[in-house]
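Worksheet for the structure shown next.
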Amino acid sequence: MKRTSFIHLSHALSALLLLGAAPAFALDIMVSAASSLTNAFNEIGKAYEREHQDMRVLFNFGASGVLLQQISRGAPVDVLATADQETMERAQTQNLIYRESRANFTANKLLLVAPGDASSKLANLQALASKDVKRIAVGNPESVPVGRYAKAALEKAGLWEQLTPKLIFTQNVRQSLDYVARGEVDAGFVYATDAAIAPVKIHSALEVPTEKPIVYPIAVVKGFGNERNARDFIAFVQSETAQKILAKYGFLKP
């Protein structure tokens, strides 16, 4: 399958294209995964390489929507793992993945968090309308799944329009976490797994109910001739070894 070449790639993908003159492993597996999977997938990749010493797993982390856009423009990706079903549905509709390879492998929760020294109390979503809350970090709903989950929750609470002037849209969930950790915003929406690994103390104010469960799918990307190894990596992600790693980082069973 041919797709048009693309210009805008993440640093990880750009680096991959520059490896032509460098010594290579027998086979590389290129995995594009949601930002919230960064820590867990880096460890899973190392565990996979220990069991497959002729293989190397390369990662490109980012907002799920951005990853899909890269793949649609021809990025050399073997495996796609997103933080929502909607993005994977779009990949399937665009015929970018093998439908039968698609599997749900983990789940998460949405939290409202605040800086560790925050004076305002966020007992519920309505508290975000307080004059003490001036800036709220949330992923861009157009491309960031956590932003869509947050927007849906705020719309259900009748707060989205009212809070829009306070919203600081971020490129991915890790950027939202960073803004909260540095005290640049008064509150932010992140996943429970991100809050658990914050570099500084943050206050997890409350778990935000979501209409749709936050379930992560994974699938083989079409077109680059590495489907067999991509399927093998996906099987490993579903294995007991990888599931224990995901659980260690706070991820849930799908």
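Checking each residue in the range 173-198 for being at pLDDT below 95, in a loop (DSSP other than H, G, I, E, B) and out of contact with any Leu (no Cβ under 9 Å at 6 or more places or on another chain) picks out 182, 183. Evaluate the following for residue 107: is it touching a residue at least 60 places away in the same chain (Cβ under 8 Å) and not in a loop (DSSP other than H, G, I, E, B)? So residue 107 passes the test.
Matching residues to (1) modelled with pLDDT of 95 or more; (2) out of contact with any Ser or Thr (no Cβ under 9 Å at 6 or more places or on another chain):
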residue: 9; (1), (2): no, yes
residue: 13; (1), (2): no, no
residue: 40; (1), (2): yes, no
residue: 99; (1), (2): yes, yes
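The residue that is surrounded by the fewest Cβ atoms within 10 Å (Cβ to Cβ), among those in the range 176-205 that are polar (S, T, N, Q) and in contact (Cβ under 8 Å) with a residue 60 or more places away in the chain, is 204. Here residue 168 fulfils each of the conditions (1) in a helix (DSSP H, G or I); (2) farther than 21 Å from residue 250 by Cα; (3) among the β-branched types (Val, Ile, Thr); (4) touching a Ser or Thr at 6+ places or on another chain (Cβ under 9 Å) apart from (1).
Can you find even one residue in the range 203-210 that is part of a helix (DSSP H, G or I) and of a type in the set (Asp, Glu)? So that I can check it myself, show each step before the final result.
Just the residues of the range 203-210 that are part of a helix (DSSP H, G or I), to begin with: none.
No.
Quick one: would you say residue 79 is under 13 Å from residue 222 (Cα atoms), within 18 Å of the chain's Cα centre (by Cα) and surrounded by 17 or more Cβ atoms within 10 Å (Cβ to Cβ)?
On the way: under 13 Å from residue 222 (Cα atoms): yes; within 18 Å of the chain's Cα centre (by Cα): yes; surrounded by 17 or more Cβ atoms within 10 Å (Cβ to Cβ): yes.
When the stated conditions are applied, residue 79 passes them.
Of 65, 116, all but one fail to be at pLDDT below 95 and in contact with a helix residue (DSSP H, G or I) (Cβ under 9 Å, 6 or more places away or on another chain); the exception is 116.
The values are calculated or read from the model by the stated rules, or taken from the named source; none is laboratory data. Given the structure is predicted, the values throughout are model-derived calculations rather than measurements. Glycine gets a Cβ as well: all are built from the backbone with ideal geometry, and neighbour counts include every protein chain shown.
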